[in-house]
1. Could you list, in sequence order, the residues of region 108-152 that are of a type in the set (Gly, Ala, Ser), in contact with an Asp or Glu (Cβ under 7 Å, 6 or more places away or on another chain) and within 13 Å of residue 196 (Cα to Cα)?
2. Go over the candidates 270, 308, 283, 260 one by one and state the one that is closer than 17 Å to residue 203 by Cα and either free of Cβ contacts under 8 Å to residues at least 40 places away in the same chain or of a type in the set (Lys, Arg) (or both).
3. Just checking, which of 296, 335 is without any contact (Cβ under 8 Å) to a residue 40 or more places away in the chain, open to solvent by 10 Å² or more (accessible area, probe 1.4 Å), part of a helix (DSSP H, G or I) and acidic (Asp, Glu)?
4. Can you tell me which residues in region 309-325 are open to solvent by 30 Å² or more (accessible area, probe 1.4 Å), outside any strand (DSSP E or B) and touching a strand residue (DSSP E or B) at 6+ places or on another chain (Cβ under 9 Å)?
5. Among the residues of region 213-228, count how many are open to solvent by less than 10 Å² (accessible area, probe 1.4 Å) and assigned to a loop (DSSP other than H, G, I, E, B).
6. For region 185-212, which residues satisfy the criterion of being outside any helix (DSSP H, G or I) and under 19 Å from residue 276 (Cα atoms)?
7. Restricting the search to region 254-282, which residues are part of a loop (DSSP other than H, G, I, E, B), over 16 Å from the mean Cα position of the chain (by Cα) and buried (at least 18 other Cβ atoms within 10 Å of the Cβ)?
8. Select, from 149, 184, 175, the only residue that is under 16 Å from the mean Cα position of the chain (by Cα), of a type outside the set (D, E, K, R), crowded, with 20+ Cβ neighbours inside 10 Å and closer than 22 Å to residue 349 by Cα.
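The values are calculated or read from the model by the stated rules, or taken from the named source; none is laboratory data. Quick caveat, the model's predicted, so the values are computed rather than measured. Methodologically, a virtual Cβ is constructed for each residue, glycine included, from the backbone with ideal geometry; neighbour enumeration extends over all protein chains shown. Note: areas computed on protein heavy atoms with side chains; ligands, DNA, RNA excluded. Shrake-Rupley method; radii C 1.70, N 1.55, O 1.52, S 1.80 Å.
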Amino acid sequence: MPPPTHRPRSLGALALAGLAAVGAAVVVEARRRDLGPAFHQVAPELRAPLLVLPHGTSSAGRPADRQRHRLSAAALPRVFPRGLGRERTALGGGLKVPVWCYRAEAAGPQGAPTGALLWFHGGGFVSGSPAQDHLLCSRIARQLGILVVSVDYRLAPGHPFPAALDDGFAVLTWVRERAEELGVDPARLAVGGAGAGGGIAAALAQRAHDAGIGLVFQLLNSPMLDSATGAGGAEIPGRGDFVWTARANAEAWRAYLGCAPGQFDGRDWAVPAHRVNLAGLAAAWIGVGDLDLFYDEGLAYARRLRAAGVSARVRTEKGMYHAADNCQWASSMRDFRAESIEALGLALVSAAPSR
(Lines give C-alpha, C1' and ligand atoms only; values in the text may rest on other atoms or scores of the structure.)
Protein backbone atom coordinates (compact mmCIF):
# COMPACT_ATOMS: atom_id res chain seq x y z
CA MET A 1 0.00 0.00 0.00
CA PRO A 2 1.60 3.29 -1.02
CA PRO A 3 2.14 5.84 1.75
CA PRO A 4 -0.32 8.73 1.98
CA THR A 5 0.70 11.76 -0.01
CA HIS A 6 0.45 15.30 1.31
CA ARG A 7 -1.11 17.56 -1.29
CA PRO A 8 -2.41 21.12 -1.26
CA ARG A 9 -6.02 21.40 -0.33
CA SER A 10 -8.42 20.77 -3.21
CA LEU A 11 -11.05 23.28 -4.30
CA GLY A 12 -13.61 21.13 -2.54
CA ALA A 13 -11.70 21.21 0.73
CA LEU A 14 -11.31 24.97 0.46
CA ALA A 15 -15.03 25.31 -0.18
CA LEU A 16 -15.81 23.27 2.92
CA ALA A 17 -13.36 25.28 5.00
CA GLY A 18 -15.00 28.47 3.82
CA LEU A 19 -18.38 27.06 4.70
CA ALA A 20 -17.17 26.34 8.22
CA ALA A 21 -15.63 29.75 8.79
CA VAL A 22 -18.38 31.92 7.33
CA GLY A 23 -21.55 29.85 7.03
CA ALA A 24 -21.35 28.30 10.47
CA ALA A 25 -21.03 31.68 12.15
CA VAL A 26 -23.93 33.20 10.23
CA VAL A 27 -26.43 30.38 9.82
CA VAL A 28 -26.01 28.39 13.00
CA GLU A 29 -25.79 31.36 15.34
CA ALA A 30 -28.90 32.85 13.73
CA ARG A 31 -30.88 29.68 14.39
CA ARG A 32 -29.37 28.58 17.69
CA ARG A 33 -32.66 29.00 19.53
CA ASP A 34 -34.48 26.92 16.90
CA LEU A 35 -32.04 24.05 17.35
CA GLY A 36 -33.12 23.47 20.93
CA PRO A 37 -31.16 22.14 23.92
CA ALA A 38 -29.62 19.33 21.86
CA PHE A 39 -27.45 21.96 20.17
CA HIS A 40 -25.26 22.10 23.28
CA GLN A 41 -24.44 18.37 22.90
CA VAL A 42 -22.85 19.00 19.49
CA ALA A 43 -19.07 19.24 19.45
CA PRO A 44 -18.18 22.94 19.00
CA GLU A 45 -16.18 22.33 15.82
CA LEU A 46 -19.19 20.59 14.26
CA ARG A 47 -21.68 23.42 14.80
CA ALA A 48 -22.10 23.99 11.08
CA PRO A 49 -24.95 24.91 8.67
CA LEU A 50 -25.52 21.19 8.13
CA LEU A 51 -27.33 21.20 11.49
CA VAL A 52 -30.36 23.04 10.12
CA LEU A 53 -31.06 20.71 7.15
CA PRO A 54 -33.54 19.60 8.47
CA HIS A 55 -34.00 19.85 12.26
CA GLY A 56 -36.41 17.91 14.42
CA THR A 57 -39.00 15.27 13.66
CA SER A 58 -41.66 17.89 12.99
CA SER A 59 -39.98 19.02 9.77
CA ALA A 60 -38.54 15.75 8.50
CA GLY A 61 -39.84 14.47 5.22
CA ARG A 62 -41.66 17.64 4.19
CA PRO A 63 -41.57 18.46 0.45
CA ALA A 64 -39.44 21.54 1.14
CA ASP A 65 -36.83 19.44 2.95
CA ARG A 66 -36.75 16.81 0.21
CA GLN A 67 -36.33 19.58 -2.34
CA ARG A 68 -33.36 21.01 -0.39
CA HIS A 69 -31.70 17.59 -0.39
CA ARG A 70 -32.21 17.26 -4.16
CA LEU A 71 -30.87 20.75 -4.84
CA SER A 72 -27.86 20.10 -2.63
CA ALA A 73 -27.04 16.87 -4.48
CA ALA A 74 -27.45 18.61 -7.84
CA ALA A 75 -25.11 21.44 -6.81
CA LEU A 76 -22.25 19.23 -5.66
CA PRO A 77 -20.87 18.39 -9.12
CA ARG A 78 -20.63 22.11 -9.82
CA VAL A 79 -18.61 22.76 -6.67
CA PHE A 80 -16.14 19.89 -6.63
CA PRO A 81 -13.57 19.10 -9.32
CA ARG A 82 -13.72 15.87 -11.29
CA GLY A 83 -10.44 14.59 -9.91
CA LEU A 84 -9.84 10.95 -10.72
CA GLY A 85 -13.42 9.97 -11.51
CA ARG A 86 -14.56 8.48 -14.80
CA GLU A 87 -18.14 7.64 -15.72
CA ARG A 88 -18.80 4.12 -16.97
CA THR A 89 -21.64 1.63 -17.35
CA ALA A 90 -21.39 -1.66 -15.50
CA LEU A 91 -23.03 -4.61 -17.24
CA GLY A 92 -23.86 -7.48 -14.92
CA GLY A 93 -26.73 -9.80 -14.19
CA GLY A 94 -28.72 -8.42 -17.10
CA LEU A 95 -28.59 -4.87 -15.71
CA LYS A 96 -26.89 -1.71 -16.90
CA VAL A 97 -25.79 0.35 -13.92
CA PRO A 98 -24.09 3.77 -14.13
CA VAL A 99 -20.94 3.95 -12.03
CA TRP A 100 -18.06 6.30 -11.34
CA CYS A 101 -14.63 4.69 -11.35
CA TYR A 102 -11.71 6.23 -9.48
CA ARG A 103 -8.15 5.04 -10.02
CA ALA A 104 -4.80 6.58 -9.13
CA GLU A 105 -2.61 7.14 -12.18
CA ALA A 106 0.16 4.94 -10.80
CA ALA A 107 -2.18 1.95 -10.38
CA GLY A 108 -4.11 -0.03 -12.92
CA PRO A 109 -3.96 -2.79 -15.49
CA GLN A 110 -0.34 -1.93 -16.37
CA GLY A 111 0.86 -2.95 -12.91
CA ALA A 112 -0.03 -5.66 -10.42
CA PRO A 113 -3.74 -6.14 -9.76
CA THR A 114 -5.06 -4.08 -6.87
CA GLY A 115 -7.92 -4.33 -4.45
CA ALA A 116 -11.23 -2.64 -5.17
CA LEU A 117 -13.96 -0.93 -3.17
CA LEU A 118 -17.60 -0.76 -4.24
CA TRP A 119 -19.00 2.42 -2.69
CA PHE A 120 -22.64 3.42 -2.08
CA HIS A 121 -23.64 7.01 -1.38
CA GLY A 122 -26.06 8.05 1.35
CA GLY A 123 -29.45 9.70 1.04
CA GLY A 124 -31.93 7.52 2.89
CA PHE A 125 -32.52 5.26 -0.14
CA VAL A 126 -34.51 8.10 -1.72
CA SER A 127 -31.97 10.77 -2.72
CA GLY A 128 -28.31 11.48 -3.35
CA SER A 129 -25.83 10.62 -6.09
CA PRO A 130 -22.18 9.55 -6.48
CA ALA A 131 -21.27 13.23 -6.90
CA GLN A 132 -21.62 13.85 -3.18
CA ASP A 133 -18.76 11.45 -2.44
CA HIS A 134 -16.55 12.45 -5.34
CA LEU A 135 -13.77 13.83 -3.16
CA LEU A 136 -13.88 10.91 -0.74
CA CYS A 137 -13.72 8.27 -3.47
CA SER A 138 -10.89 10.11 -5.18
CA ARG A 139 -9.00 10.26 -1.92
CA ILE A 140 -9.45 6.54 -1.20
CA ALA A 141 -8.29 5.59 -4.70
CA ARG A 142 -5.26 7.85 -4.49
CA GLN A 143 -4.24 7.04 -0.92
CA LEU A 144 -4.62 3.26 -1.16
CA GLY A 145 -3.77 2.83 -4.83
CA ILE A 146 -6.96 0.86 -5.51
CA LEU A 147 -9.97 1.02 -7.79
CA VAL A 148 -13.06 2.62 -6.25
CA VAL A 149 -16.36 2.04 -8.02
CA SER A 150 -19.13 4.35 -6.83
CA VAL A 151 -22.55 2.91 -7.71
CA ASP A 152 -25.31 5.15 -9.05
CA TYR A 153 -28.03 2.84 -7.79
CA ARG A 154 -31.76 3.28 -8.37
CA LEU A 155 -33.66 5.22 -5.74
CA ALA A 156 -36.93 4.62 -3.91
CA PRO A 157 -39.85 5.15 -3.97
CA GLY A 158 -39.76 4.86 -7.76
CA HIS A 159 -37.51 1.82 -7.42
CA PRO A 160 -38.13 0.06 -4.09
CA PHE A 161 -36.25 -2.96 -2.76
CA PRO A 162 -34.55 -4.91 -4.24
CA ALA A 163 -33.63 -2.44 -7.01
CA ALA A 164 -30.69 -0.75 -5.24
CA LEU A 165 -29.31 -4.07 -4.00
CA ASP A 166 -29.73 -5.66 -7.43
CA ASP A 167 -27.73 -2.77 -8.89
CA GLY A 168 -25.00 -3.31 -6.32
CA PHE A 169 -24.85 -7.04 -6.98
CA ALA A 170 -24.74 -6.39 -10.74
CA VAL A 171 -21.75 -4.09 -10.27
CA LEU A 172 -20.04 -6.65 -8.05
CA THR A 173 -20.57 -9.25 -10.78
CA TRP A 174 -19.19 -6.85 -13.39
CA VAL A 175 -16.05 -6.12 -11.37
CA ARG A 176 -15.40 -9.82 -10.85
CA GLU A 177 -16.00 -10.72 -14.49
CA ARG A 178 -13.91 -7.81 -15.81
CA ALA A 179 -11.24 -8.02 -13.12
CA GLU A 180 -8.33 -8.39 -15.51
CA GLU A 181 -9.44 -5.46 -17.66
CA LEU A 182 -10.01 -3.32 -14.56
CA GLY A 183 -6.67 -4.28 -13.02
CA VAL A 184 -8.38 -5.78 -9.98
CA ASP A 185 -7.66 -8.84 -7.88
CA PRO A 186 -11.08 -10.53 -7.39
CA ALA A 187 -9.87 -11.95 -4.08
CA ARG A 188 -9.48 -8.44 -2.65
CA LEU A 189 -12.89 -6.83 -2.98
CA ALA A 190 -14.59 -4.68 -0.35
CA VAL A 191 -17.88 -2.82 -0.02
CA GLY A 192 -18.62 0.42 1.76
CA GLY A 193 -21.03 3.27 2.10
CA ALA A 194 -22.48 6.00 4.28
CA GLY A 195 -25.96 6.17 5.78
CA ALA A 196 -28.33 4.28 3.52
CA GLY A 197 -25.31 3.46 1.38
CA GLY A 198 -23.81 1.75 4.41
CA GLY A 199 -27.01 -0.26 4.72
CA ILE A 200 -26.83 -1.30 1.08
CA ALA A 201 -23.17 -2.25 1.50
CA ALA A 202 -24.04 -4.40 4.54
CA ALA A 203 -26.89 -6.05 2.63
CA LEU A 204 -24.59 -6.68 -0.34
CA ALA A 205 -22.04 -8.31 1.97
CA GLN A 206 -24.78 -10.67 3.14
CA ARG A 207 -25.97 -11.43 -0.37
CA ALA A 208 -22.43 -11.97 -1.64
CA HIS A 209 -21.76 -14.42 1.19
CA ASP A 210 -24.92 -16.36 0.37
CA ALA A 211 -23.85 -16.48 -3.28
CA GLY A 212 -20.43 -17.89 -2.37
CA ILE A 213 -18.60 -14.65 -3.18
CA GLY A 214 -15.89 -13.77 -0.70
CA LEU A 215 -15.44 -10.14 0.32
CA VAL A 216 -12.63 -8.97 2.56
CA PHE A 217 -14.14 -5.89 4.20
CA GLN A 218 -17.18 -3.74 4.93
CA LEU A 219 -16.63 -0.02 5.52
CA LEU A 220 -19.86 1.10 7.19
CA ASN A 221 -20.07 4.81 7.93
CA SER A 222 -23.11 5.60 10.11
CA PRO A 223 -24.97 2.74 8.42
CA MET A 224 -28.77 2.58 8.09
CA LEU A 225 -29.35 -1.03 9.13
CA ASP A 226 -32.60 -1.44 11.04
CA SER A 227 -36.11 -0.45 9.93
CA ALA A 228 -37.27 -0.57 13.55
CA THR A 229 -35.25 2.54 14.47
CA GLY A 230 -37.69 5.39 14.88
CA ALA A 231 -40.55 3.26 13.53
CA GLY A 232 -43.68 5.35 13.36
CA GLY A 233 -41.62 8.48 13.92
CA ALA A 234 -41.07 7.72 17.59
CA GLU A 235 -38.26 9.93 18.88
CA ILE A 236 -35.16 8.42 20.45
CA PRO A 237 -33.88 10.63 23.27
CA GLY A 238 -30.46 12.05 22.46
CA ARG A 239 -30.40 10.65 18.92
CA GLY A 240 -31.52 12.00 15.57
CA ASP A 241 -32.09 15.63 16.46
CA PHE A 242 -30.04 16.80 13.49
CA VAL A 243 -29.88 16.09 9.76
CA TRP A 244 -31.55 12.65 9.85
CA THR A 245 -34.53 12.29 12.15
CA ALA A 246 -36.76 9.47 13.34
CA ARG A 247 -39.62 10.62 11.14
CA ALA A 248 -37.37 10.88 8.09
CA ASN A 249 -36.08 7.38 8.83
CA ALA A 250 -39.57 5.88 9.05
CA GLU A 251 -40.62 7.51 5.78
CA ALA A 252 -37.43 6.41 4.03
CA TRP A 253 -37.83 2.78 5.09
CA ARG A 254 -41.47 2.85 3.96
CA ALA A 255 -40.35 4.12 0.55
CA TYR A 256 -37.56 1.55 0.29
CA LEU A 257 -39.58 -1.46 1.42
CA GLY A 258 -42.72 -0.40 -0.43
CA CYS A 259 -44.81 -0.68 2.73
CA ALA A 260 -44.70 0.10 6.42
CA PRO A 261 -41.78 -1.74 8.08
CA GLY A 262 -44.19 -3.61 10.33
CA GLN A 263 -45.99 -5.00 7.27
CA PHE A 264 -42.83 -6.16 5.51
CA ASP A 265 -42.62 -9.85 4.63
CA GLY A 266 -38.99 -10.29 5.69
CA ARG A 267 -37.33 -10.84 2.31
CA ASP A 268 -33.64 -11.71 2.47
CA TRP A 269 -31.16 -8.83 2.62
CA ALA A 270 -33.81 -6.08 2.77
CA VAL A 271 -33.06 -5.04 6.36
CA PRO A 272 -29.49 -6.02 7.29
CA ALA A 273 -30.18 -6.02 11.04
CA HIS A 274 -32.90 -8.64 10.59
CA ARG A 275 -30.48 -11.32 9.42
CA VAL A 276 -30.25 -14.02 12.07
CA ASN A 277 -26.90 -15.62 11.23
CA LEU A 278 -24.01 -13.20 10.65
CA ALA A 279 -21.27 -15.84 10.70
CA GLY A 280 -18.89 -15.82 7.77
CA LEU A 281 -19.49 -12.22 6.73
CA ALA A 282 -16.61 -9.92 5.82
CA ALA A 283 -14.78 -8.05 8.56
CA ALA A 284 -16.20 -4.61 9.25
CA TRP A 285 -15.37 -1.09 10.37
CA ILE A 286 -18.40 0.70 11.78
CA GLY A 287 -18.17 4.38 12.62
CA VAL A 288 -21.00 6.47 14.08
CA GLY A 289 -21.51 9.54 16.23
CA ASP A 290 -23.26 9.44 19.60
CA LEU A 291 -25.89 11.97 18.41
CA ASP A 292 -26.66 10.00 15.26
CA LEU A 293 -30.03 8.26 14.98
CA PHE A 294 -28.10 5.16 13.86
CA TYR A 295 -25.82 5.02 16.92
CA ASP A 296 -27.60 2.21 18.77
CA GLU A 297 -28.27 0.05 15.71
CA GLY A 298 -24.68 0.43 14.50
CA LEU A 299 -23.24 -0.70 17.81
CA ALA A 300 -25.77 -3.53 18.07
CA TYR A 301 -24.77 -4.81 14.63
CA ALA A 302 -21.09 -4.68 15.59
CA ARG A 303 -21.78 -6.69 18.75
CA ARG A 304 -23.69 -9.31 16.77
CA LEU A 305 -20.90 -9.57 14.20
CA ARG A 306 -18.36 -10.16 16.95
CA ALA A 307 -20.61 -12.73 18.62
CA ALA A 308 -20.73 -14.56 15.28
CA GLY A 309 -16.92 -14.61 15.06
CA VAL A 310 -16.60 -11.72 12.60
CA SER A 311 -13.99 -9.04 13.22
CA ALA A 312 -15.76 -5.71 13.75
CA ARG A 313 -13.87 -2.54 14.60
CA VAL A 314 -15.98 0.30 16.01
CA ARG A 315 -15.32 4.05 16.06
CA THR A 316 -17.70 6.26 18.02
CA GLU A 317 -17.43 10.02 18.20
CA LYS A 318 -18.83 12.20 20.97
CA GLY A 319 -20.84 15.20 19.82
CA MET A 320 -21.11 13.92 16.25
CA TYR A 321 -24.42 13.93 14.38
CA HIS A 322 -25.33 12.17 11.13
CA ALA A 323 -23.11 13.05 8.13
CA ALA A 324 -20.90 15.32 10.24
CA ASP A 325 -17.82 13.63 8.79
CA ASN A 326 -18.35 15.95 5.81
CA CYS A 327 -17.04 18.69 8.12
CA GLN A 328 -13.46 18.00 7.15
CA TRP A 329 -12.24 21.26 8.64
CA ALA A 330 -12.70 19.56 12.03
CA SER A 331 -9.72 17.52 13.24
CA SER A 332 -12.02 14.91 14.78
CA MET A 333 -13.75 14.32 11.45
CA ARG A 334 -10.46 14.12 9.60
CA ASP A 335 -9.36 11.45 12.07
CA PHE A 336 -12.72 9.68 11.73
CA ARG A 337 -12.35 9.32 7.96
CA ALA A 338 -8.64 8.58 8.14
CA GLU A 339 -9.27 5.65 10.49
CA SER A 340 -11.87 4.15 8.16
CA ILE A 341 -9.55 4.39 5.16
CA GLU A 342 -6.65 2.94 7.15
CA ALA A 343 -8.80 -0.02 8.22
CA LEU A 344 -9.84 -0.62 4.62
CA GLY A 345 -6.24 -0.47 3.41
CA LEU A 346 -5.04 -2.94 6.02
CA ALA A 347 -7.81 -5.39 5.12
CA LEU A 348 -6.99 -5.23 1.42
CA VAL A 349 -3.26 -5.63 1.99
CA SER A 350 -3.75 -8.53 4.41
CA ALA A 351 -6.06 -10.47 2.09
CA ALA A 352 -4.52 -13.40 0.27
CA PRO A 353 -4.16 -12.64 -3.47
CA SER A 354 -5.76 -14.73 -6.18
CA ARG A 355 -3.72 -17.55 -7.60
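1. Looking only at region 108-152, we keep the residues that are of a type in the set (Gly, Ala, Ser), and these are 108, 111-112, 115-116, 122-124, 127-129, 131, 138, 141, 145, 150.
Right, trim to in contact with an Asp or Glu (Cβ under 7 Å, 6 or more places away or on another chain) and you get 115, 129, 150.
The one that is of a type in the set (Gly, Ala, Ser), in contact with an Asp or Glu (Cβ under 7 Å, 6 or more places away or on another chain) and within 13 Å of residue 196 (Cα to Cα): 129.
2. Unique residue meeting the criteria: 308.
3. Details: 296 fails: without any contact (Cβ under 8 Å) to a residue 40 or more places away in the chain.
Criteria check complete, one pass: 335.
4. Hits for region 309-325 are 311, 318.
5. Total satisfying the criteria: 5.
6. Let us first name the residues in region 185-212 that are outside any helix (DSSP H, G or I), namely 185-195, 211-212.
Matches in region 185-212: 211, 212.
7. 264, 269, 270, 275, 278, 281, 282
8. After ruling out the rest, the residue left standing is 149.
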